[in-house]
Amino acid sequence: MSQHTITVAGVAVDARHWIGGERVASTRTFPDVSPIDGSTIGEISRGTATEAAAAVAAAKAAFPAWAATSRAERARILHAIADGVEKRIEELAIVETTDNGALLRSHRRGVMPRVAHNFRFFADWLLQLDHEDFDTRGHTNHVSWDPAGPCVLITPWNAPLMLATWKVAPALAAGNTVVLKPAEWSPLTASLLADIAAEAGLPAGVLNVVQGYGSEIGDALTSHPDVRRISFTGSVPTAKRIAESAAAHLTPLSLELGGKSPLLVFADGDLDLAVDLAVEQYDNAGQVCLAGTRLLVEEPVAEEFTRRFVERASALKQGDPRDEATDIGPNIHPRQLEKIDGFVQRALAAGARAVIGGHRKEDQYYAPTLLTDVAPDAEIVQEEVFGPVLTLQTFTDEEEAVRLANGTRFGLAATVVTGDPERAERVTARLVAGTVWVNCFFVRDLQAPFGGSRLSGVGREGGTWSFDFYCDVKNTVTAP
Ligand code: NAD
């Protein structure tokens, strides 16, 4: 075992970059800290412009051969990666939980199987990706999805491997090569993915993983002239920096950003379902981009809704994310906790009332919080908190419901609870959101378009939309 190996619950994780099929160390490191107990898990290679350039060069060198590899062979290797993920679900689950504090039970049973599915889905989608040829005055139009080149993929810490592979899988399927930069607060499972991909037979340089702070390695990746696509999931301020940097070479961008999504509860809806869905918004300690953090409830049922919500939310068990019985784990970092508490204390000072929570707990835990008496233009209603903090506002008619729902700068998702299908149709048609759920939440099919409107993002990924983004789509017109 090398001096660069970190052992996490018995699992060996290499703390170096993975560039051109080799492990590469930086001279400097950064500490990776577990949110569970604040302990340092290990020291990770701290990449700079040098490693960024080396990784893009490796991706560029590997591109022609991978792009020329048949669709069938690319799909076979992606399925082999999925096999590798499935074999290591337990290891990936415990490493990710240690790294980002999300529930072990979700990683085991939901997230890691979904990671494998990301590879299988895009492998299979690639094989049936087609567009019927069509005729123009006797000329044939043929559409093809050509590989675009090296892709830079930058991902956040709230669902590290899930969000990384949601990009890596279609990028590789499309015949591109990849430089993946995971978040510095959760660097470990990306390193394991590099091992799994190599074991599955992915040629050297096709997938590269670089570690480090976004402020130190980010610009070198996103402004590089050889990079042909940048896909980013993260915050709005970082997205703006990346867009400026990518402008140097007009590199096409896909941006999946934050949200402040509404959950609308109409009086004609199933109130128990509405309460279930509302409590679900505390999942992952509220660190979910899609979370419906603004509860908008029709006046006549607001009191009963709140009573049932408080009863359900008070029964949630907060604690060690490795414990099967835990519902809410810690938040990712002391800095994130400061940010969450800052939002809540400012809201309380401005006149909000905490129905539950409203304060920190010991260590890195924040009490699940519901705030009422909030103005539509209050900071707590307008800005993404990214913690277990919900607000509740009431409305008196459909018009007001839609106005409140659309009343932020974001447009990632929305959830509507109603028993009236016609109302559902009317309201969803007027909502500004990339995804709208009616009487459900978080049901996601990889073939559906995914992305945000307004400040929640630019572009859509998923199914054919992913290939549209990761490929140079070409139309060939042939004379009769
Ligand atoms: P962040 O923007 O701080 O960081 C995301 C990534 O960007 C990290 O890997 C970071 O190192 C990197 N980065 C930082 N500065 C950079 C720079 N100048 N150049 C290049 N890369 C740089 O976001 P975060 O705090 O890690 O993630 C939380 C945010 O992500 C929330 O806003 C959340 O809503 C959003 N998110 C969106 C989705 C979605 O699909 N829409 C999914 C999950 C999370």
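The values are calculated or read from the model by the stated rules, or taken from the named source; none is laboratory data. The model shown is predicted, which means the values in this text are computed figures rather than measured ones. We place every Cβ from the backbone using ideal geometry, glycine too, and count neighbours over all the protein chains shown.
Points to keep in mind about this one:
- When the helices (runs of 4 or more DSSP H) confined to the stretch 314-406 are screened for residues that are over 30 Å from residue 267 (Cα atoms), those reaching at least 2 such residues are found at 334-349.
- Total residues in the stretch 232-286 satisfying the condition of being under 22 Å from residue 343 (Cβ atoms) and among the β-branched types (Val, Ile, Thr): the figure is 4.
- Test for residue 437: is it aromatic (Phe, Trp, Tyr), in contact (Cβ under 8 Å) with a residue 12 or more places away in the chain, closer than 20 Å to residue 257 by Cβ and in a strand (DSSP E or B): yes
- The residue that is surrounded by the most Cβ atoms within 10 Å (Cβ to Cβ), among those in the stretch 431-455 that are of a type in the set (Gly, Ala, Ser) and more than 25 Å from residue 117 (Cα to Cα), is 433.
- Within the stretch 314-337, the residues that satisfy the criterion of being free of Cβ contacts under 8 Å to residues at least 60 places away in the same chain and of a type in the set (A, V, I, L, M, F, W, C) are 315, 316, 325, 337.
- Among the candidates 391, 428, residue that is within 18 Å of residue 277 (Cα to Cα) and surrounded by 18 or more Cβ atoms within 10 Å (Cβ to Cβ): 391
- Segments classed as strands (runs of 3 or more DSSP E), wholly inside the stretch 108-197, with at least 3 members that are in contact with a His (Cβ under 9 Å, 6 or more places away or on another chain): 139-147
- Criterion: within 16 Å of the ligand (Cβ to nearest atom), at pLDDT 95 or above and among the β-branched types (Val, Ile, Thr) - qualifying residue of 356, 340: 340
- Single residue of the stretch 426-464 satisfying the filter (of a type in the set (Phe, Trp, Tyr) and touching a strand residue (DSSP E or B) at 6+ places or on another chain (Cβ under 8 Å)) that is nearest to residue 144 (Cα to Cα): 450
- Of the residues making up the stretch 444-458, those that are more than 11 Å from the ligand (Cβ to nearest atom) and touching a helix residue (DSSP H, G or I) at 6+ places or on another chain (Cβ under 9 Å) are 445, 446, 447, 448, 449.
- Residue that is at pLDDT 95 or above and surrounded by fewer than 18 Cβ atoms within 10 Å (Cβ to Cβ), where the choices are 283, 268: 268
- The listed residue being within 16 Å of the ligand (Cβ to nearest atom) and within 20 Å of the chain's Cα centre (by Cα), out of 172, 153: 153
- Test: residue 443 is part of a loop (DSSP other than H, G, I, E, B), modelled with pLDDT of 95 or more and touching a Lys or Arg at 6+ places or on another chain (Cβ under 8 Å): no
- Qualifying residue in the stretch 290-301 (condition: in contact (Cβ under 8 Å) with a residue 60 or more places away in the chain, β-branched (Val, Ile, Thr) and away from the ligand (no atom under 16 Å from the Cβ)): yes
- Residues (near the ligand (Cβ under 8 Å from one of its atoms) and either under 18 Å from residue 67 (Cα atoms) or in contact (Cβ under 8 Å) with a residue 24 or more places away in the chain (or both)) located in the stretch 198-235: 212, 213, 214, 217, 218, 219, 221, 222, 232, 233, 234, 235
- Any chance residue 13 is crowded, with 21+ Cβ neighbours inside 10 Å and either touching a strand residue (DSSP E or B) at 6+ places or on another chain (Cβ under 8 Å) or of a type in the set (Val, Ile, Thr) (or both): yes
- The stretch 20-49, residues that are surrounded by fewer than 16 Cβ atoms within 10 Å (Cβ to Cβ) and without any contact (Cβ under 8 Å) to a residue 60 or more places away in the chain: 27, 28, 31, 39, 40, 43
- Considering the stretch 236-261, the residues that are assigned to a loop (DSSP other than H, G, I, E, B) and crowded, with 16+ Cβ neighbours inside 10 Å include one that is nearest to the ligand (Cβ to nearest atom), namely 258.
- Apart from one condition, residue 178 fits all of (1) near the ligand (Cβ under 9 Å from one of its atoms); (2) β-branched (Val, Ile, Thr); (3) crowded, with 24+ Cβ neighbours inside 10 Å; the exception is (1).
- Residues in the stretch 385-403 that are within 15 Å of residue 282 (Cβ to Cβ) and either among the acidic types (Asp, Glu) or within 16 Å of the ligand (Cβ to nearest atom) (or both): 385, 386, 387, 388, 389, 390.
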